[in-house]
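The values are calculated or read from the model by the stated rules, or taken from the named source; none is laboratory data. Values in this document were obtained by computation on a predicted structure and should not be read as measured data. Virtual Cβ from ideal backbone geometry, glycine too; neighbours counted across all protein chains shown.
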Amino acid sequence: MASIMQTGGPTQGWLYDPLTLEPLTNNTAMVKVLQLMADLAPFLRTVAVSSGINMAQQLTMSILPGSTEVLDRSTMQLVPCRQDLCNSRRTTQQPAV
């Protein structure tokens with residue numbers, strides 16, 4: 001969700017705009033996120049509450065890849081990722097010479 005909804009990074013929020021407290025749920029980006037979640041649901045594995053999690057094991061994290069589509073907050077529409085909207089593109093694309 002974050003790679004689609006937070007084009008300016010984690011300080012933007014993904015359910016509410018932290019500056020205006022406007023909900024970010026009624027737009028084409030959230031529709032895309034919910035569709036992706038529905039498509040992935042069959043592949044999710046649930047963990048039984050009784051099994052617990054062994055915190056003695058080492059936990060690791062991976063950075064998620066950026067989205068190819070993002071929420072343009074000026075129009076509240078899902079648009080193709082472009083340099084001025086996508087943090088991942090800003091850091092990976094070299095400036096034109």
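If you scan region 9-19, which residues turn out to be of a type outside the set (A, V, I, L, M, F, W, C) and either in a helix (DSSP H, G or I) or farther than 16 Å from residue 77 by Cβ (or both)?
Passing the criteria: 9, 10, 11, 12, 13, 16, 18.
Any idea how many residues of region 60-69 are modelled with pLDDT of 75 or more and either touching a helix residue (DSSP H, G or I) at 6+ places or on another chain (Cβ under 6 Å) or assigned to a loop (DSSP other than H, G, I, E, B) (or both)?
2
Residue under question is residue 34, and the condition is that it be aliphatic (A, V, I, L, M) and either closer than 19 Å to residue 85 by Cα or modelled with pLDDT under 80 (or both); does it hold?
No: the conditions fail for residue 34.
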